[in-house]
Amino acid sequence: MVDLAEALTVLRDRFGHAAFRPGQAEAIAAVLGGRDTQVVLPTGAGKSSCYQVPAIVAAARGAGTTLVVSPLIALMNDQVLALRGKGLAAAAIHSQLDDDDRVEALGQLARGELALVYVSPERAVADSFRRLVGRARIAMLAIDEAHCVSQWGHDFRPEYLRLHELRQVCDAPVIALTATATPRVLEEITRGLALRDPVTVRGGFERPNLAFEVQHHRGDGTRLAATIAALDHAGMRARSGAGRAIVYCSTRKKAETVAGALKAAGFSAGYYHAGRTGLARERAQAAFALGRTRVLVATSAFGMGIDYPDVRLIVHFQAPGSVEAYYQEAGRAGRDGEPGRCVLLFGAADLVTQRRLHADDSAGRHGDALALLERYARATTCRQQLLCAHFTGRGDHAACGTCDVCRDPDAVAEAPPAAAPPAAAALGAAVEQVILAAVAGIARKVGRVNLARALRGSRSKAVLAQGLAHIPEFGALADADEDAIIATIDHLLHTRRLVKRGRKYPTVALPAGRSPRAERPPRVEQRGARVDDATGGSPGPARRSRAGSSAGPAPVRTSRLTVELERFRQRKARELRWKSYMVFQRGVIAAIDQQRPTSREALARIPGLGPAKIARFGDALLAVIRDHVS
């Protein structure tokens, strides 16, 4: 039995926590005992402590440095900054360091001066780095986001398949950590990382503070209305205030469109995706982190390692590609333990989008993942039960009492049934409206064949040359037969809702005198907000509805001391170039406001404030308390 007294001291003195959270003690005991360990804990359950705490213990014992493999540079930098803020020796080695800093970090690793060093999987398997690791004293290998090793996982990174090569140059225990791994993925992690008889630690996947719900939508207009209603209900319209929201989209173009629509509707919104420059992404994330924008619209690129404690709302404007991806992204809400709402806006078109994004899925794995996600979206049993059962393989999880099914099962039972992919014989009024809307928005002449191909998502030379890949309806009929779309265009020509222009190379157009705007989707009123279409519009007066009564954070009275402590936190974050939660989390503010400490000894009884933070901020905090407590 491993004595955890040292680890508990580190947890209390360095991290400001009085006790381990579920799963942490078991994982730390296993790795300190020299055992390979797999850790599966949900987002927000404290996975990083499972390797950071034993790493500090190992360094204090003189056992060496812990090597942490992490897939994102931003995540590495955040972790290193937070550890240094606690007075710990940590460094990250990645491509964005200048030569002097990289040489210095490598030297510190070689000399054994670091408790933790973070590297990317690409650098970890480089020959030169492995030679250095072979000469250094390594206490432990920590593989973060370990599901990336599995081709069944939702963030597969082929470089992870070579990480087992590190065992050839250092014989240290391995701890592999992930938030989302089914039993099948765990098997691939064990094989891919060559783990030796690993201890498996599974935490509870229940997130009782999160309210999951699914809404069924067909078009972007109703989705945008539902998104605005959810943001309004979460109090996100004000440009400043407590809490923030993330809206996830499947494509870069959609993320930009939705962000623009939300800004037009009066929200402070930014957007983040991998197609932006590094500087643009950094600025978008910094604005969100500092509260200058309270809503961030993003693709899955805004993902692994994101750690904001006060996300009150997650909206999936489109369904992601798997249950694993959904639960990881939705799990970024409510990491401070306060209520959070997770809304999935689901439609059959989302599955078409995901199939197009994974067209190279020759093994058919993604099709299986989409089938499971659709089953979740159309389920009439507790959402949280389904999610937990998916990851644990057990059916004994209790109903949450907060999801839409638990709150109003009759309403959920009215969800539309799954629709078969459109076939040639099934094309009708809905497809006609898509075609008319597309023609209305195309400024140049277009032939019926190229129009049909654009609506199916073709990237042929002719489609690209005419700019048809940029119309909003591009790919909207991806599952329809090309001949059937052309037949529907011919029907519109026959009924004079479209007309032919030219003889040698005939094109299609709206009849003379008909306004293109008339063929655009009409203004939609849904769930308490009014919008024009997916390109934006002005919100109308909110109305109460079933969707608007979902579980969410109640208004909170804010004391003068709470306001000043939050200002202090933001000021220190700017001075130190930290994120605000690295100074201390909002739970610390609430505890200080309740206990009103007047000495350093009293500050030490505040959960989340350890000796390092009290040494750095204690006197200033006591001054704030004295000045603003009447």
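The values are calculated or read from the model by the stated rules, or taken from the named source; none is laboratory data. Computed from a prediction, not measured in an experiment: that's the story for all the values here. As a convention, Cβ positions derive from the backbone with ideal geometry for all residues, glycine included, and neighbour counts pool all protein chains shown.
Here the stretch 164-185 is the region considered, the condition is being within 17 Å of T43 (Cα to Cα) and out of contact with any Phe, Trp or Tyr (no Cβ under 9 Å at 6 or more places or on another chain), and the residue that is surrounded by the most Cβ atoms within 10 Å (Cβ to Cβ) is A176.
For the stretch 386-408, how many residues are under 21 Å from L186 (Cβ atoms), of a type outside the set (S, T, Y) and either surrounded by 13 or more Cβ atoms within 10 Å (Cβ to Cβ) or within 22 Å of the chain's Cα centre (by Cα) (or both)?
Pass one, the stretch 386-408, residues under 21 Å from L186 (Cβ atoms): 386-397.
With the extra rule that they be of a type outside the set (S, T, Y), the set shrinks to 386-391, 393-397.
With either surrounded by 13 or more Cβ atoms within 10 Å (Cβ to Cβ) or within 22 Å of the chain's Cα centre (by Cα) (or both) added as a condition, the list becomes 386-391, 397.
Matching residues across the stretch 386-408 total 7.
When the stretch 151-184 is filtered for residues that are touching a strand residue (DSSP E or B) at 6+ places or on another chain (Cβ under 9 Å) and at pLDDT below 85, the ones remaining, listed by number, are G153, A179, T180, A181.
Take the residues in the stretch 268-277 that are of a type outside the set (S, T, Y) and part of a strand (DSSP E or B); name whichever of them is surrounded by the most Cβ atoms within 10 Å (Cβ to Cβ). Outline the logic, then answer.
First pass over the stretch 268-277, keeping only residues of a type outside the set (S, T, Y): 269-270, 273-276.
Checking the rest, the ones that are also part of a strand (DSSP E or B) come to 269-270.
Working: A269: 24, G270: 21.
Selected residue: A269.
Might you let me know whether the stretch 83-90 holds any residue that is crowded, with 18+ Cβ neighbours inside 10 Å and modelled with pLDDT of 95 or more? Yes, the conditions are met somewhere in the stretch 83-90.
Looking at A284, A265, A280, A261 in this structure, which one is touching a Pro at 6+ places or on another chain (Cβ under 9 Å) and either buried (at least 22 other Cβ atoms within 10 Å of the Cβ) or farther than 25 Å from V69 by Cβ (or both)?
Working: A284 fails: touching a Pro at 6+ places or on another chain (Cβ under 9 Å); A280 fails: touching a Pro at 6+ places or on another chain (Cβ under 9 Å); A261 fails: touching a Pro at 6+ places or on another chain (Cβ under 9 Å).
Criteria check complete, one pass: A265.
Selection of first residues in the stretch 47-63 that are in the same structural domain as A176 (by TED's automatic domain parsing) and farther than 21 Å from A181 by Cβ and of second residues that are surrounded by fewer than 24 Cβ atoms within 10 Å (Cβ to Cβ) and of a type in the set (F, W, Y), restricted to Cβ pairs under 8 Å at least 6 apart or on distinct chains, gives the following pairs, ordered by first then second residue: V53/F15.
Sort out which residues of the stretch 233-281 are within 17 Å of the chain's Cα centre (by Cα), farther than 20 Å from Q354 by Cβ and touching a residue at least 40 places away in the same chain (Cβ under 8 Å), and write them in order of number. Correct list: G243, R244, A245.
Would you confirm, using the coordinates I've provided, whether R341 is among the basic types (K, R) and surrounded by fewer than 22 Cβ atoms within 10 Å (Cβ to Cβ)? No; evaluated as a whole, the condition is false for this residue.
Among the residues of the stretch 311-325, is there at least one that is surrounded by fewer than 21 Cβ atoms within 10 Å (Cβ to Cβ) and in the same structural domain as A379 (by TED's automatic domain parsing)? Walk me through how you get there before you give the answer.
First, the residues of the stretch 311-325 that are surrounded by fewer than 21 Cβ atoms within 10 Å (Cβ to Cβ): none.
Looking through the stretch 311-325, none of the residues is surrounded by fewer than 21 Cβ atoms within 10 Å (Cβ to Cβ) and in the same structural domain as A379 (by TED's automatic domain parsing).
Residues considered: L75, L97. Of these, the only one that is at pLDDT below 90 and in contact with a Gly (Cβ under 7 Å, 6 or more places away or on another chain) is L75.
When each of A63, A74, A59, A30 is tested for being in contact with a strand residue (DSSP E or B) (Cβ under 9 Å, 6 or more places away or on another chain), in a helix (DSSP H, G or I) and either under 18 Å from V117 (Cβ atoms) or not small (G, A, S) (or both), the lone residue that passes is A59. Residue count for the stretch 236-259 under the criterion of being touching a strand residue (DSSP E or B) at 6+ places or on another chain (Cβ under 6 Å), farther than 17 Å from S300 by Cβ and not in a strand (DSSP E or B): the result is 2.
Test of understanding: among L141, L116, L161, L97, which residue is surrounded by 15 or more Cβ atoms within 10 Å (Cβ to Cβ), of a type in the set (A, V, I, L, M, F, W, C) and farther than 30 Å from A29 by Cβ?
Selected residue: L97, the only one of L141, L116, L161, L97 that is surrounded by 15 or more Cβ atoms within 10 Å (Cβ to Cβ), of a type in the set (A, V, I, L, M, F, W, C) and farther than 30 Å from A29 by Cβ.
Figure legend. Inter-residue proximity from the stretch 30-41: first residues closer than 22 Å to T392 by Cα and touching a residue at least 24 places away in the same chain (Cβ under 8 Å), second residues part of a strand (DSSP E or B) and among the polar types (S, T, N, Q), beta-carbon distance below 7 Å, spacing 6+ or different chains. Indicated pairs: A30/T37; Q38/T200; V40/T178.
For the stretch 223-235, check the following and say yes or no: at least one residue is in a loop (DSSP other than H, G, I, E, B), buried (at least 20 other Cβ atoms within 10 Å of the Cβ) and either in the same structural domain as Q384 (by TED's automatic domain parsing) or on the phi < 0 side of the Ramachandran plot (or both). Give the derivation first.
Restricting attention to the stretch 223-235, the residues satisfying the condition of being in a loop (DSSP other than H, G, I, E, B) are 234-235.
Right, trim to buried (at least 20 other Cβ atoms within 10 Å of the Cβ) and you get 234.
Then drop every residue that is not either in the same structural domain as Q384 (by TED's automatic domain parsing) or on the phi < 0 side of the Ramachandran plot (or both), which leaves 234.
Yes.
Determine if the stretch 84-96 includes at least one residue that is touching a residue at least 12 places away in the same chain (Cβ under 8 Å), part of a helix (DSSP H, G or I) and either closer than 30 Å to I589 by Cβ or under 27 Å from the mean Cα position of the chain (by Cα) (or both).
To start, the set of residues in the stretch 84-96 that are touching a residue at least 12 places away in the same chain (Cβ under 8 Å) comprises 85-96.
Narrowing further to those that are part of a helix (DSSP H, G or I): 85.
Next, only the ones that are either closer than 30 Å to I589 by Cβ or under 27 Å from the mean Cα position of the chain (by Cα) (or both) stay: 85.
Yes, some residue in the stretch 84-96 is touching a residue at least 12 places away in the same chain (Cβ under 8 Å), part of a helix (DSSP H, G or I) and either closer than 30 Å to I589 by Cβ or under 27 Å from the mean Cα position of the chain (by Cα) (or both).
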